[in-house]
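To keep things clear, I will list the structure first and then write my remarks on it.
The values are calculated or read from the model by the stated rules, or taken from the named source; none is laboratory data. Bear in mind that the values here come from a model prediction, so they are computed numbers and not experimental data. Note that each Cβ is placed from the backbone with ideal geometry, even for glycine, and that neighbours are counted across all protein chains shown. Surface areas here come from the heavy atoms of the whole protein model, side chains and all, with no ligands, DNA or RNA. Shrake-Rupley method; radii C 1.70, N 1.55, O 1.52, S 1.80 Å.
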Amino acid sequence: MHTYSHEYFMDQALQLANEAVDDGNHPFAALLVHNQEIILEAKNSIHTSKDITRHAELNLVSKASQLYTSTQLAEMILYTTTEPCAMCSGAIYWSGIKTIIYAASATHLDQIAGKFLACHSTQVFKNALNPPIVIGGILEHKAILQHQKYWLNL
Ligand SMILES: [Zn+2]
């Protein structure tokens with residue numbers, strides 16, 4: 001089996017986040033990967049669904065938890081272009097997904113967009129029983145550029 005890198009999957013997620021912008025939504029996307037295969041993908045859809053809770057990760061977790069058990073989800077990796085917010089971190093926790101990989105951090109987003117809930121996903125998981133593993137900074141520069149382009153019109 002060919003082994004893809006975290007960068008490979010993150011690049012796919014970043015392309016999907018561009019599609020979210022093309023759709024008229026915010027530049028965020030997430031993927032669910034199992035055994036080196038993308039099994040689900042989701043984009044931010046807050047504007048097109050007229051629902052402020054439709055973050056990419058929440059859209060992904062909602063679909064995933066209808067299709068898979070928490071035992072199955074524990075074996076999967078969630079890739080997201082930006083560190084999950086408090087709402088999405090909570091949803092990921094309840095789904096049973098145990099590995100989260102992101103590109104830009106909540107701090108980066110806050111610095112660029114300037115109006116966000118500055119909360120690291122690890123703060124949400126601080127008191128959790130069996131917290132997920134969280135790895136940040138994969139293709140971080142690319143995600144930062146994407147946010148700068150969108151929020152600062154660069
Ligand atoms: Zn969120």
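Filter the stretch 24-58 for residues that are open to solvent by 80 Å² or more (accessible area, probe 1.4 Å) and within 12 Å of the ligand (Cβ to nearest atom) and give the result.
Looking only at the stretch 24-58, we keep the residues that are open to solvent by 80 Å² or more (accessible area, probe 1.4 Å), and these are 35, 37, 41, 47-48, 50, 52.
Answer for the stretch 24-58, where residues must be open to solvent by 80 Å² or more (accessible area, probe 1.4 Å) and within 12 Å of the ligand (Cβ to nearest atom): just 52.
What are the residues in the stretch 1-19 that are part of a helix (DSSP H, G or I) and over 13 Å from residue 149 (Cβ atoms), if any? Steps first, please.
Initial filter on the stretch 1-19 (part of a helix (DSSP H, G or I)): 6-19.
Within the stretch 1-19, 6, 7, 8, 9, 10, 11, 12, 13, 15, 16, 19 meet the criteria.
Which ranges mark the helices (runs of 4 or more DSSP H) fully within the stretch 23-111 that have 2 or more residues being touching a Cys at 6+ places or on another chain (Cβ under 7 Å) and at pLDDT 95 or above?
On the way: elements: 56-67, 70-73, 86-95.
Output list reads 56-67.
Please work out which one of (1) farther than 16 Å from residue 148 by Cβ; (2) within 15 Å of the ligand (Cβ to nearest atom); (3) in contact with a Leu (Cβ under 8 Å, 6 or more places away or on another chain) is the condition residue 103 fails and give its number.
(1)
Tell me the residue from 61, 21 that is over 12 Å from the mean Cα position of the chain (by Cα) and either more than 12 Å from the ligand (Cβ to nearest atom) or among the hydrophobic types (A, V, I, L, M, F, W, C) (or both), please.
21
Okay, residues lined up against (1) within 11 Å of the ligand (Cβ to nearest atom); (2) without any contact (Cβ under 8 Å) to a residue 12 or more places away in the chain; (3) surrounded by 16 or more Cβ atoms within 10 Å (Cβ to Cβ):
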residue: 77; (1), (2), (3): no, no, yes
residue: 86; (1), (2), (3): yes, no, no
residue: 99; (1), (2), (3): no, no, yes
residue: 126; (1), (2), (3): no, yes, no
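State all residues of the stretch 115-124 that are surrounded by 10 or more Cβ atoms within 10 Å (Cβ to Cβ) and not hydrophobic (A, V, I, L, M, F, W, C); if no residue qualifies, say none.
At the first step, the residues of the stretch 115-124 found to be surrounded by 10 or more Cβ atoms within 10 Å (Cβ to Cβ) are 116-124.
Matches in the stretch 115-124: 120, 121, 122, 123.
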